[in-house]
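Scroll down for the structure; my scribbles are underneath it.
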Protein chains: 2
Amino acid sequence: MIGFKIIKKSKLSKARLGVLKTPHGEIETPAFVGVATQATIKILTTEEVLKTKTQILIANTYHLHQRPGEHIVAKSGGVHKFMNWPGALMTDSGGFQVFSLGFGSDHGVGKILKEKKDIVVKADMQPQKMRITEDGVHFRSPIDGREIFIGPKESIRIQEKLGADIIFAFDECTSPVADYEYTKRSLRKSHRWAKQCLEYQKTNQALFGITQGGKFKDLRIESAKFIGSLPFAGFGIGGEFGNDKKKMAAMIRWVVRELPENKPRHLLGIGHPEDIPKIIKEGIDTFDCIAPTHYARRGVAFTSEGRLDMNRRTFLQDKKPLDNSCDCTTCSNYSRSYITHLFKAKEITGMHLLTFHNLYFFNSLVAGIREKIKKGKI
Amino acid sequence: MIGFKIIKKSKLSKARLGVLKTPHGEIETPAFVGVATQATIKILTTEEVLKTKTQILIANTYHLHQRPGEHIVAKSGGVHKFMNWPGALMTDSGGFQVFSLGFGSDHGVGKILKEKKDIVVKADMQPQKMRITEDGVHFRSPIDGREIFIGPKESIRIQEKLGADIIFAFDECTSPVADYEYTKRSLRKSHRWAKQCLEYQKTNQALFGITQGGKFKDLRIESAKFIGSLPFAGFGIGGEFGNDKKKMAAMIRWVVRELPENKPRHLLGIGHPEDIPKIIKEGIDTFDCIAPTHYARRGVAFTSEGRLDMNRRTFLQDKKPLDNSCDCTTCSNYSRSYITHLFKAKEITGMHLLTFHNLYFFNSLVAGIREKIKKGKI
């Protein structure tokens, strides 16, 4: 089980400083959660991940169920031992993939709607590549074509075998183009699944419920009230956050207000540098985001002066580090010139050095915000 | 400049234990030289390369001339500073690429002829993608199409800008399917170029001459005598080594006999684990080989029990480390099961962990042989 202690509450916002105690160490919150979907932070060794000051990781039920299978992971003693991660660990429930590989894939949309779409997901519609029933989700494995069913029971059983410190209830993450009726019906189903997850769970892993409700204020509030009333160890906030990042803070506010004060709140899959202060001010304790690793592999460095695209030739002439105010090993040892050379020469070492820096940068950014909360400055 | 001191000569073979003093530290010989073609050991950071016990690296004139260009590297203070490598460093002259991108590419052959080929390279023949003249090699850059000429003077000038501790004379590495006449004429040209390199060199980098001669005993001996008589700081042995690895030892013997005893001998581009004891027994002091890194990226681990193909599903069930007798961080921290999962899941971290292990394994193997020479057991 976990423990959560709030050390200080900001007087200027809803931000709070806390300690999340897990069987694998204490996490200072607010905390960035590194995304280790397939039981690895892409490219890095676990020893390196520790050096990026990452405190906690999130692995994925959907992916690990298919490959290598939870039985293989369990044989190694769970994800911690499998990947040699000594720190705290979460597993996502697979509910996000119900969206990303369903309507998300059909309509080419993510959780944040970047452009206006003509398409609307209405009640009773089904995605092309899966069938969502009242009990769970049927689909064919994209890897080997075998039929897979994941419902609340299956998700919890898989997550129990994976053995993370914190696990999530199975839900349906709805599409940003889903209409009110679809979202409402989906929400009722996710709520039923949430209760089933609580009933099925046999381990003493910390089970977090997930609130949904799309862009609809009444549904968001209804979900937060309902999920918040159940005996979960903590709460995830899932789903879309508007087609405009400015709405995100408002939407988080609708939800956080309804959640119990004394339990941790995890924002699922959100957290670009510009979002981080905002979501923390709304009372978020932990959040996971692929941005630092995803963009690193595409040559983008996050720095205190904003994003740098290291694919740009001009950086070949630039002997400065990525970020003058960063003390990570990439910034201490390598120049922009060298990193751009590596990207131009298609050397993976470039992605490696950027992944390390970006994770270190995100963790440092959040550590800085913790410091500000401590000093009453946020 | 470098210094070379022979500490002990084996009584059982031509093996010798030595110390190669360079401006960037002392190398215990025999030594494996890590291949950092584009100024990086593929995937690894320089900090990691140091932990694999790698003492010395070899970067490539042909590749770095094209990308990022020697001027960019020189601006950073040379390859050492560019890639943050504190240890000793060699640059190859580009002569190997005259073969690999010329007749080697035309005929699909490497330095070791793995299968019988009907094709023969005869005198006055030219490869498809370059023109080899008495002065050097003309070709179009595969990267941007611009016309490039590299001759002895150009190679030395580039290598002076790159600033390695040890540089190589420009030569033509002949194809294993070249006939006697082609090889003889090429050899005369390479010999002329070797003298020109000595004349052109202005720095006090250690310049090594390269002996060629293909599979022809008289040409091999002629080349070793001629190149060995010139005031080089050391000697490279280049070119093919027979279509049969058993012939390799004999061919090295023809050459080594003719080279000065007191100068270091580098075998270019050779050194699978099974070859390493043999070439060291023939009196080779240093050798570079892509095997540990190249095969790592394809899932092959070199171990004390031979090669393991980590793409094999059966390893998913195997909780042992890659090599029980290895104390590298990969073997100390990760199972075969996890590494195979990473390869199946197409995660670069798998290549990363294997690259580290393989380099560590090669360096440990050579360290073990040094120990045996010390104890008079080889």
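The values are calculated or read from the model by the stated rules, or taken from the named source; none is laboratory data. What you are looking at is a predicted structure, and each value in this text was computed from that prediction instead of being measured. Cβ atoms come from the backbone with ideal geometry, glycine included; neighbour counts cover every protein chain shown.
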task = Using the structure shown, decide if B:Ala249 is assigned to a helix (DSSP H, G or I), farther than 25 Å from B:Phe168 by Cβ and outside the structural domain of B:Ser335 (by TED's automatic domain parsing).
result = no
query = Quick check: is even one residue across the range A:10-32 among the hydroxyl-bearing types (Ser, Thr, Tyr) and under 16 Å from A:Leu359 (Cβ atoms)?
reply = no
Of the criteria (1) over 18 Å from the mean Cα position of the chain (by Cα); (2) assigned to a helix (DSSP H, G or I), which one B:Phe149 fails = (2)
ask   = What number of residues within the range B:199-226 are crowded, with 22+ Cβ neighbours inside 10 Å, polar (S, T, N, Q) and under 19 Å from B:Ile166 (Cβ atoms)?
value = 3
remark   = All-but-one check, B:Ile284 against (1) touching a residue at least 24 places away in the same chain (Cβ under 8 Å); (2) in contact with a strand residue (DSSP E or B) (Cβ under 8 Å, 6 or more places away or on another chain); (3) more than 26 Å from B:Arg16 (Cα to Cα), failing number (3)
task = Tell me, yes or no, whether the range B:156-177 has at least one residue that is more than 27 Å from B:Phe235 (Cβ to Cβ), in the same structural domain as B:His63 (by TED's automatic domain parsing) and assigned to a strand (DSSP E or B).
result = no
The range A:287-310, subset over 21 Å from the mean Cα position of the chain (by Cα) and not in a strand (DSSP E or B), residue nearest to the other protein chains (Cβ to nearest Cβ) = A:Met310
remark   = Note on the range A:77-120: residues more than 14 Å from chain B (Cβ to nearest Cβ) and of a type in the set (D, E, K, R) are A:Asp92, A:Asp106, A:Lys111, A:Lys114, A:Glu115, A:Lys116, A:Lys117, A:Asp118
request  = For the range B:5-22, enumerate the residues that are touching a Lys or Arg at 6+ places or on another chain (Cβ under 6 Å) and more than 15 Å from B:Ile369 (Cα to Cα).
outcome  = B:Ile6
key: Matching option when the condition is under 18 Å from A:Lys161 (Cβ atoms), within 14 Å of chain B (Cβ to nearest Cβ), in a strand (DSSP E or B) and touching a residue at least 60 places away in the same chain (Cβ under 8 Å), among A:Ala59, A:Ala74   = A:Ala59
message = I'd like the residue in the range B:23-77 that is surrounded by 18 or more Cβ atoms within 10 Å (Cβ to Cβ) and among the small types (Gly, Ala, Ser) and, out of all such residues, is farthest from B:Lys372 (Cα to Cα).
response = B:Ser76
key: Selected residue (criterion: nearest to A:Lys344 (Cα to Cα)) from residues of the range B:41-56 that are within 12 Å of chain A (Cβ to nearest Cβ) and touching a strand residue (DSSP E or B) at 6+ places or on another chain (Cβ under 8 Å)   = B:Ile41
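Do we have any residue at all in the range A:177-198 that's of a type in the set (Gly, Ala, Ser), farther than 16 Å from A:Gly94 by Cβ and surrounded by 24 or more Cβ atoms within 10 Å (Cβ to Cβ)? Quick ask: steps written out before the conclusion?
Here is the first cut: in the range A:177-198, the ones of a type in the set (Gly, Ala, Ser) are A:178, A:186, A:190, A:194.
Narrowing the set further to residues that are farther than 16 Å from A:Gly94 by Cβ leaves A:178.
Right, trim to surrounded by 24 or more Cβ atoms within 10 Å (Cβ to Cβ) and you get A:178.
Checked against the condition, which is being of a type in the set (Gly, Ala, Ser), farther than 16 Å from A:Gly94 by Cβ and surrounded by 24 or more Cβ atoms within 10 Å (Cβ to Cβ), the range A:177-198 yields at least one hit.
Here is a list: B:Ile27, B:Ile41. Which entry is part of a loop (DSSP other than H, G, I, E, B) and within 17 Å of the chain's Cα centre (by Cα)?
B:Ile41
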inquiry  = Just the residues that are over 30 Å from A:His341 (Cβ atoms) and not in a loop (DSSP other than H, G, I, E, B), please, taken from the range B:2-20.
reply    = B:Gly3, B:Phe4, B:Lys5, B:Ile6, B:Ile7, B:Lys8, B:Lys9, B:Arg16, B:Leu17, B:Gly18, B:Val19
task = With respect to B:Arg16, determine if the residue is surrounded by fewer than 24 Cβ atoms within 10 Å (Cβ to Cβ) and away from chain A (no Cβ under 14 Å).
result = yes
Search result, residues across the range B:311-366 that are within 10 Å of chain A (Cβ to nearest Cβ), surrounded by 21 or more Cβ atoms within 10 Å (Cβ to Cβ) and assigned to a loop (DSSP other than H, G, I, E, B) = B:Tyr334, B:Ser335, B:Glu347
message = Given the criteria modelled with pLDDT of 95 or more, crowded, with 18+ Cβ neighbours inside 10 Å and under 13 Å from A:Leu64 (Cβ atoms), does A:Ile156 qualify?
response = no
Single condition A:Gly376 does not satisfy, out of (1) closer than 20 Å to A:Phe32 by Cβ; (2) more than 9 Å from every other protein chain (Cβ to nearest Cβ) = (1)
ask   = Among the residues of the range A:137-150, which ones are surrounded by 12 or more Cβ atoms within 10 Å (Cβ to Cβ), of a type outside the set (A, V, I, L, M) and in contact (Cβ under 8 Å) with a residue 40 or more places away in the chain?
value = A:Ser141
